[in-house]
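Presented below is the structure to which this report refers.
The values are calculated or read from the model by the stated rules, or taken from the named source; none is laboratory data. A quick note: this is a predicted structure, and the numbers were derived from the prediction, not measured. Methodologically, a virtual Cβ is constructed for each residue, glycine included, from the backbone with ideal geometry; neighbour enumeration extends over all protein chains shown. With ligands, DNA and RNA removed, areas are computed over all heavy atoms of the protein, side chains included. Shrake-Rupley method; radii C 1.70, N 1.55, O 1.52, S 1.80 Å.
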Amino acid sequence: MPENKYKDTTNNVNVPFAHGRGPRRNMAPVVKPKNFRKTLRRLWGYFGSERKTLSIIFVLIIIDSAIVLLAPYLIGRSVDAMTNKNGKVDFNLLSIMVIALLISYLADAAINLFQGFAMASSSQRIVMSMRNKLFLKLQKLPVAFFDTNSHGDIMSRLSNDIDNVSTTISQSVIQLMSGIITIFGSLIMMIILSPILTLASLITVPLVFLLTRTIAKRTGKLFKSQQMELGKLNGHIEETISGIYIVKAFNHEDKTVEEFDEINNRLCEVGLRAQIFSGFLMPIMNVINNIGFAAVAGVGGILAVENMITVGVIASFLSYSRQFVRPLNNLASIFNTLQSAVAGAERVFEILDAQEETEDVKNSRIINNPKGHVQFVNVYFGYRKDVNILKNVNFEAQIGESIALVGPTGAGKTTIVNLLTRFYDVTGGKIYIDGVDIREYTRDSLRKCFGIVLQDTYLFTGTIKENIKYGKLDATDKEVQNAAKMANAHEFIKRLPKGYETQLSESGSNLSQGQRQLLAIARAILTNPSILILDEATSSVDTRTELRIQEAMLKLMKGRTSFIIAHRLSTIRDADKIMVIDGGEIIEMGKHEELINKKGKYYNMYFNQYKNSQEQ
């Protein structure tokens, strides 16, 4: 048998059917650290669409850096104008220098303002592009990815990690480029003014690089751990809020708070260590800088006494020295910020690099007017390579037949419909629809064949009409109402304050479970599918609501091939074919009466349920 093309990362045997049920696991930590330079280059690739804006910003940075480099020279000339050899102040030269300084400072402020605006706009467009690509990627990933990764962690990557990248881009790119230009410009001016003083000021540079490298190596790992813990915290919050009714019903508020505190404390601890180590940088850098200034002042004083340089040169040199060292400090700080941004970018790229659903085969077919004839031929499947969930499954569903799938939890019932809809692909054997291997069809056309009603009905935030139209966006209001009438949902919808325009909250929580199921059936009716999948569609409602849902389902099933997963065996007595699945194999198959007469597994299951219902 061919190997399963999806790598399994969970110990679960039966992965839930496309609607997030069952246990979810957080993203496993990356064993090997990612390549910082490679990730940074990849991140830089997103700047390609902003070349024009970035070119303008780069030109402005050069102009601004030239203005910044001019200011210390003007300050030195101003000092010399007040301390010439005659003991008189050269007011003409001083006035020119002061006016020039004022103009340069105003120009610097204006350029910085425009730079900030342009960079903020550009960074937001870059991040918007990243977020679009990530969200588009999520739509292309197989169901296996979502079954084996925490939903909260995925959302954290889409929001927190990308926002982290956005902040870094908007705040650090200009500082990085201007800092590099200022460092080299200041160094050139320092050499021109005094090579001796330049050597005195450069004594601190090796210390700066050594300090930066040591701290950056430590903070990189800590920032990566911080982002991972943040993802776990978001995952816990998302699961807790989604399951708040269960939390309260089982009095697990204290337990949930304890789990939150544990994750939050780990996040606090690793975040604190990251901030402490990165916070060490600036105070120590200031000490090193002050040592450098003291060296310049001492050597400069000696040279001034020997009439080798003027006081104005010392004043200019001190300014250039500060301009030379300050970008080094900023670059060290920016590098720490980049560590955090790269950690977030790595987590985003992990999803962007995840394996998508396999592409449709070359010359794949489009199903036109599907009939609904289904065959499973020697089908094997396992969510893990070493464990087969389905073993040599063979059956045939004729056009318009209703097939009931029964058996214990984990037997493989849901797995069969997972394979039929190609949320997963078989690892052995073939599945045919209308005589053609389903892998030869395009996924889009294949999935349009199905109408799905699940036990856990999912409704989106929006109006009732929008939720019913989800399967057919171009449906008219009359088509929506007809679908609702067939689903026995029209009456309760009309009783709502705004009827079909009633706004639903998240997951439709302002409706009852039965009402949500009726809307799901109306949604399925509107798509007019040739194959219907009903996954425990009546298991969570009362008897009266169940009868209404069953009546609606009978209308929906008429003339369609239907697969019904049910634990209440009384609801599938009239199925054309009942398949009893246990241990991944079909152990019994036939009509209700035939299976009862066999007195096998189905017989025991049916009368145990009947006996229990009688006792109740």
message: Just to be sure before I move on: is SER123 at negative phi, buried (at least 18 other Cβ atoms within 10 Å of the Cβ), in contact with an Asp or Glu (Cβ under 8 Å, 6 or more places away or on another chain) and modelled with pLDDT of 80 or more in the structure I sent?
response: no
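Output the residue which, of all residues in region 191-210 that are assigned to a helix (DSSP H, G or I) and among the small types (Gly, Ala, Ser), is farthest from LEU318 (Cα to Cα).
Across region 191-210, the extreme among qualifying residues is ALA200.
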task: Within region 398-437, work out how many residues are among the acidic types (Asp, Glu), within 16 Å of GLY451 (Cα to Cα) and within 29 Å of the chain's Cα centre (by Cα).
output: 0
- request: Test ALA274 against the criterion of being hydrophobic (A, V, I, L, M, F, W, C), open to solvent by less than 70 Å² (accessible area, probe 1.4 Å) and closer than 30 Å to MET82 by Cα, and give yes or no.
  value: no
task: Among the candidates LEU281, LEU207, LEU199, single out the residue that is without any contact (Cβ under 8 Å) to a residue 40 or more places away in the chain, aliphatic (A, V, I, L, M) and more than 26 Å from PHE349 (Cα to Cα).
output: LEU199
message: Looking only at residues that are of a type in the set (A, V, I, L, M) and open to solvent by 30 Å² or more (accessible area, probe 1.4 Å) in region 383-409, which one is farthest from LEU141 (Cα to Cα)?
response: ILE399
query: Only one of VAL257, VAL296, VAL247 is in a helix (DSSP H, G or I), at pLDDT 75 or above and in contact with a Phe, Trp or Tyr (Cβ under 8 Å, 6 or more places away or on another chain); which?
result: VAL296
task: Could you list, in sequence order, all residues of region 146-161 that are buried (at least 20 other Cβ atoms within 10 Å of the Cβ) and among the hydrophobic types (A, V, I, L, M, F, W, C)?
output: ILE154
message: Residues that are β-branched (Val, Ile, Thr) and closer than 20 Å to ILE215 by Cα: does region 272-285 have at least one?
response: yes
query: Do you know which residues across region 552-573 are more than 24 Å from THR409 (Cβ to Cβ) and out of contact with any Pro (no Cβ under 8 Å at 6 or more places or on another chain)?
result: ALA552, LEU554, LYS555, LEU556, MET557, LYS558, GLY559, THR561
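For (1) at pLDDT below 90; (2) touching a Phe, Trp or Tyr at 6+ places or on another chain (Cβ under 7 Å); (3) of a type outside the set (Lys, Arg); (4) not in a strand (DSSP E or B), each residue gets a yes or a no:
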site: ALA552; (1), (2), (3), (4): yes, no, yes, yes
site: LEU556; (1), (2), (3), (4): yes, no, yes, yes
site: PHE563; (1), (2), (3), (4): no, no, yes, no
site: HIS567; (1), (2), (3), (4): yes, no, yes, yes
site: THR571; (1), (2), (3), (4): yes, no, yes, yes
site: ALA575; (1), (2), (3), (4): yes, no, yes, yes
site: VAL580; (1), (2), (3), (4): no, yes, yes, no
site: ILE586; (1), (2), (3), (4): no, yes, yes, no
site: MET589; (1), (2), (3), (4): no, yes, yes, no
message: I need the full set of residues from region 462-483 which are surrounded by 16 or more Cβ atoms within 10 Å (Cβ to Cβ) and free of Cβ contacts under 8 Å to residues at least 24 places away in the same chain, in order please.
response: GLU466, GLN481, ASN482
message: Condition first: of a type in the set (Asp, Glu), modelled with pLDDT of 85 or more and part of a loop (DSSP other than H, G, I, E, B). Now tell me which residues in region 360-418 satisfy that.
response: GLU401
field: Selection count, region 434-461, where residues are part of a loop (DSSP other than H, G, I, E, B), modelled with pLDDT of 85 or more and crowded, with 17+ Cβ neighbours inside 10 Å
entry: 3
field: Number of the exception - GLY412 against (1) crowded, with 22+ Cβ neighbours inside 10 Å; (2) farther than 30 Å from GLN513 by Cα; (3) touching a strand residue (DSSP E or B) at 6+ places or on another chain (Cβ under 6 Å)
entry: (2)
query: List pairs: first in region 365-381 and among the small types (Gly, Ala, Ser), second buried (at least 21 other Cβ atoms within 10 Å of the Cβ) and in a strand (DSSP E or B), Cβ under 9 Å, 6+ apart or cross-chain?
result: GLY372/ALA397; GLY372/ILE433; GLY372/ILE531; GLY372/LEU532; GLY372/THR561; GLY372/SER562
field: Near pairs, Cβ below 6 angstrom, 6+ apart or cross-chain, from region 45-62 (among the polar types (S, T, N, Q)) to any residue that is surrounded by 13 or more Cβ atoms within 10 Å (Cβ to Cβ) and in a helix (DSSP H, G or I)
entry: THR53/ALA118; THR53/SER122
